[in-house]
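These notes are about the structure you will find just below.
Nothing in this text is a laboratory measurement; each read-out follows from the coordinates by a stated rule. Because the structure is predicted, anything quoted here is derived from the model rather than measured. Positions of Cβ are generated from backbone atoms using ideal geometry, with glycine treated the same way; all protein chains shown enter the neighbour counts.
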Amino acid sequence: MRSKRFTAIVLLWVLLVSNLAFGRQNSPSSGATPKDPNDPIERIKDEGLNRSQVMQILSYLTDVIGPRLTGSPQMKRANEWTRDKLAEWGLQNAHLEPWGPFGRGWELKDFSVEVIAPQTIPIIAYPKAWSPGIDITADVVYVDARDENELQKFKGTLKGKIVLTAPMREVKAHFEPLGARMTEKDLLELANAPMPGRQPSRRFDLNDPRTRERIQNSIFAAKKLQFFTDEGAALLIDPSANGDGGTLFVGAASVPQPLDTSSPAATMRSLFMGRIRPYDKNAPPIIPQMVMAIEHYNRLARMIKAGERVRMKVKMDVQFYDQDLMAYNTIAEIPGTDKKDEIVMLGAHMDSWHAGTGATDNAAGVAVCMEAVRILKALGLQPRRTIRIALWSGEEQGLLGSRAYVAQHFGKLEESEDSSFMRMVSGGSGAPPKIIPGPEYDKLSVYFNLDNGTGRIRGVYLQGNEAARSIFREWLMPFREMGAATLTLANTGGTDHLSFDAIGLPGFQFIQDEIEYETRTHHSNMDVYDRIQADDMKQAATIMAAFVYNAAMMNERFPRKAMRQ
């Protein structure tokens with residue numbers, strides 16, 4: 001009896017001590033500060049993670065509207081739908097802002113392709129954008145020329161024929177996964193990246209063997225296209241330059257270009273500057289063009305090499321639109337309060353290529369930005385600065401929509417096309433061009449962009465703006481458990497934040513997990529809704545909303561980096 005009483009007393013004491021310890025661990029004085037449910041960032045997290053509409057937005061853009069080639073009817077429909085949706089949520093001044101002229105729109109109306117002899121073979125292929133239509137049954141010729149001498153062997157053999165335009169490409173097995181997230185090693189390398197310096201552009205550095213090889217390949221490609229045109233080929237079929245397993249990557253049709261080979265600089269100028277584009281209103285007639293999945297392309301090439309007469313039947317019905325040569329960005333605002341004349345912007349490009357539905361490139365970024373402003377409106381948060389969302393067009397043709405908008409509202413560089421070309425050739429050396437400020441140059445605080453696919457946000461590229469580090473470090477603290485903590489001084493290119501950065505305005509792109517961006521979805525027929533990762537999208541929209549809100553609430557305008565002299 002005594003022993004049992006003693007045991008009970010001991011157990012009671014142990015439970016009491018344990019409860020006291022647990023209480024200390026969870027008390028405010030223990031260091032684990034309880035989260036305030038009324039804190040704006042906590043409210044943003046709750047709304048963004050638990051009541052998200054990001055996937056519904058994405059589905060409408062991709063499944064319902066579909067591909068959004070700049071200038072196409074689908075792009076205009078996307079402009080109007082996003083404008084109306086933003087207005088429905090209570091944003092002000094929702095409108096379409098024209099820029100341009102861009103050029104002709106293009107739409108694929110009907111397409112079929114098959115081999116009909118020596119046997120029936122269904123084919124995976126897709127027309128190039130702005131290709132003219134065709135309805136043809138013809139023999140197929142395999143042109144495996146690797147230089148101009150080999151090309152001459154086909155002289156007089158291509159008129160009226162369907163041409164396989166390039167050598168076969170070897171298809172190797174995949175022993176590494178197609179999708180990947182950034183590892184701790186990857187993030188550490190980014191975090192330790194040095195301040196970006198003036199490095200010669202690899203694209204134009206003639207001392208770089210890769211540049212010389214690229215120039216030579218571009219020269220041969222231009223001469224080959226002119227040869228096919230002069231010989232009267234009826235249809236050109238390229239093998240998909242990358243991808244396999246039925247995935248193919250499709251861009252714009254090629255136009256024969258005047259080629260100046262009098263000097264290396266002249267050659268580069270004719271290859272990379274002032275080119276004729278297939279969407280130009282006055283573009284010359286070109287040969288119909290399409291891209292074929294590599295496995296099917298290789299099979300047809302091997303059949304022809306084996307002596308078989310291969311015949312194909314192709315129907316490509318397309319429509320060009322030249323009634324309105326302008327393109328449009330969708331713009332809307334959440335008005336600010338005491339600092340309403342200053343602007344915080346977020347944006348993503350809404351245009352896409354046409355073989356898929358532009359899900360990861362870049363309906364994902366559009367849906368994230370739209371969801372971010374929806375979150376802020378749903379919570380009734382009142383920003384001090386005006387928050388402006390911009391959904392760009394023409395990004396795939398060279399950041400055209402954002403560049404036009406920035407030039408009209410914020411400023412532009414005072415430099416001619418010749419001086420711009422020479423600056424690129426020299427890797428940016430020489431005196432920097434003068435900035436001509438626009439009406440809102442001093443009003444913009446900061447711009448945030450998302451355009452690297454479906455992957456969750458892991459941090460921010462600082463674009464060499466060291467002053468942003470401490471600010472972003474604080475803003476990322478609530479999201480460390482979501483995997484977003486890395487800051488790198490490194491630049492990143494290829495998307496619309498560069499339009500702002502080019503004139504000294506703070507423009508930032510988030511670091512994202514790649515997932516399958518380069519291996520499967522970027523510009524491919526597999527860039528569709530099902531390749532989107534819903535949890536990553538919710539995380540990205542939540543962080544975007546928090547960053548935009550924080551920037552809108554700052555006491556001072558976001559710090560700008562000094563333009564290099």
> To the nearest Å, what is the center-to-center distance of the stretch 303-371 and the stretch 480-528, using C-alpha atoms only?
Replying inline: 17
> How far is helix 294-305 tilted off the main Cα axis of the chain, in degrees rounded to 10, range 0 to 90?
Replying inline: 20
> Taking +1 at the Cβ of each Lys and Arg and -1 at the Cβ of each Asp and Glu, which of Y321, T165, T267 sits farthest along the dipole of the stretch 105-321 towards its positive end, judged by Cα position relative to the Cα centre?
Replying inline: T267
>> Taking θ = phi - 60°, what integer Hz values does the Karplus form 6.51 cos²θ - 1.76 cosθ + 1.60 yield along the stretch 441-446, in sequence order, with x for Gly and Pro?
In response: 4, 7, 8, 6, 8, 6
> For the stretch 237-320, what number results from the quotient of the Cα radius of gyration and 2.2 N^0.38 Å?
Replying inline: 1.42
> When the Kirkwood radius is taken over all Cα pairs of the chain, what Stokes-Einstein diffusion coefficient follows at 4 °C and 1.567 mPa s, in µm²/s?
Replying inline: 49
> Where the Cα atoms of the stretch 105-321 are projected onto their three principal axes, how long is each span, largest first, in whole Å?
Replying inline: 59, 46, 40
> Got a sec? Charge dipole of the chain, +1 on Cβ for Lys and Arg, -1 for Asp and Glu; which of I219, Y441, A485 is way out at the positive end?
Replying inline: A485
> Which of the listed residues, V310, A191, L235, is farthest toward the dipole's positive end in the stretch 105-321, when Lys, Arg count +1 and Asp, Glu count -1 at the beta-carbon?
Replying inline: L235
> Considering only the other residues whose Cβ falls under 12 Å of the Cβ of Q382, what net charge follows from Lys and Arg at +1 and Asp and Glu at -1?
Replying inline: +4
>> Less than 14 Å Cβ to Cβ from R43, Lys/Arg counted +1 and Asp/Glu -1: what total charge do the surrounding residues give?
In response: 0
>> Let me check I've understood the local charge: for R480, count other residues with C-beta under 15 angstrom from its C-beta, Lys and Arg +1, Asp and Glu -1. What total comes out?
In response: +1
> In debye to the nearest 20, how big a dipole does the chain give about its Cα centre with +1 on each Lys and Arg Cβ and -1 on each Asp and Glu Cβ?
Replying inline: 1000
> Sequence-distant or interchain residues sharing an amide H contact under 5 Å with V310, placed H: which?
Replying inline: V140
>> With angles folded into 0 to 90 degrees, how steeply does helix 73-88 sit against the dominant principal axis of the chain? Use alpha carbons for both and round to 10.
In response: 20
